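Everything below concerns the one structure shown next.
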Amino acid sequence: MATRTSSRHAAQKAKEAISTSAEPTGKTSKGTKRRASGDEAPQPKKEKTEDIKPDELKKEEVPGTSVDRPVQKTEEASVKTEEAPVKTEEPPEGQASTVKPVESHPEKPQGIEGGLHKSEERENLVPSNILEKGFIYFFFRPRVDVDEPESFGDVARSFFVLRPTALGAEFDNGQDSVEKDASCRLMILPKKKFPTSSREREMGFVEKAGQSMQALHDNFIAGKTYQTSTRGERHTEAARPYAEGVYAITSAPRASHLAYILTIPAELGDVQEDFGLQERGSWIVQSKSPKFPGPPVGQLPKNPEFPPSVLEKFGDLRWVPLQPEFLDYPYSQFLMIGSAQNDLGKAASSMGDKQPKEEEPGQELEKMADEDEHRVDSLQGDATVYEDLGYHAKNYPKVPTTWNA
């Protein structure tokens, strides 16, 4: 299916095509513009079989990660022509009747979920190996008492937020900022930088799950001032968003992938590159079984409280392909392995396991990114990230692309 685009974006694309080289480099240069709306979905590259063998991985066969979608059932409504009489008790003599009127509960508008439009037609096109899709936000927190970070060394923590949407979610120019009460997950990456090659692998964990962005802001993202016994008053800076985009978690026979396409900022720079992000990319993602201890540097104070139904999916394996439900529990640990940079890699392909009416995962991600770019352009541009997060954009600086050196 061709990606939808406006005449303005088509003209911009033609102008860029004249002024740029026909042979793009393999790496996004600093300060480059994000891809124009309407670009075709990249075809998956022919790659060697993925080597997913961190030290902790076992060689056992990993169960498939396909998730059956719930089938909508239609119930036959029975229409009654007569209402059954309501039996009421007579109040004691001298007392007024206590019969209360039946309260009516307004129904939610059809076709809206999490503040986003959705359609059954769109859901039918989504590939069955897309386990989840939605918005992704990237943050960093400066070191204590560092007001203006001047380099990557001034960063204390790196984390990202996943905000899932319905599989049939879609939005257009008329779509406002996304619903502020939608459920989110806060994911911590202790080593700050995302892996950029198959030789790089980083462990992270779920800090909070099932939280609204407002709750995350109040309890985690906002800065605070505190007293210490040796250094007196100290200040922790508020976490700062440095990118926003769309994401999808896709499944393959022996792996899961987390793929993304950035829509904010409009131009990428040193900040995004230092964190290991490009215009688009993907990682192989694995989940660790709580039955096995992690490495000394990756141990947490407690294990996730997985129910038996989730624990069963790990079997006797230490690592299994990530499934979205594993991320719904705090202290759940995951491994990210670098897979593709400036490309979606194998995450863009259904691996031949799709219905004729379904699109490839890469096509759905491109469509999501194109729609989000139109939405951002019709709102406040890069400042839309603050509106999406429930902040007032005027109280925050521009999304950073370079350090304050």
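The values are calculated or read from the model by the stated rules, or taken from the named source; none is laboratory data. Because the structure is a prediction, the values reported are computed rather than measured. Every residue, glycine as well, gets a Cβ built from its backbone with ideal geometry; the counts of neighbours run over all protein chains shown. Ligands, DNA and RNA are stripped out before the accessible areas are found, and what is left, the full protein with its side chains, is counted by its heavy atoms. Shrake-Rupley method; radii C 1.70, N 1.55, O 1.52, S 1.80 Å.
Which strands (runs of 3 or more DSSP E) sit wholly inside region 208-308 and have at least 2 residues that are at pLDDT 85 or above and open to solvent by less than 50 Å² (accessible area, probe 1.4 Å)?
Details: elements: 224-228, 232-236, 240-252, 255-264, 280-288.
Once the strands (runs of 3 or more DSSP E) in region 208-308 are filtered for at least 2 residues that are at pLDDT 85 or above and open to solvent by less than 50 Å² (accessible area, probe 1.4 Å), what remains is 240-252, 255-264, 280-288.
Could you pull out the residue among F334, F326 that is in a strand (DSSP E or B), touching a helix residue (DSSP H, G or I) at 6+ places or on another chain (Cβ under 8 Å) and not basic (K, R)?
None of the others qualify; the one that does is F334.
Considering each residue of region 124-173, count those that are within 19 Å of the chain's Cα centre (by Cα) and among the aliphatic types (A, V, I, L, M), and give that number.
Number satisfying all stated conditions: 9.
Mind checking whether some residue in region 314-326 is open to solvent by less than 20 Å² (accessible area, probe 1.4 Å), within 17 Å of A243 (Cβ to Cβ) and under 18 Å from the mean Cα position of the chain (by Cα)?
The answer is no; no qualifying residue exists.
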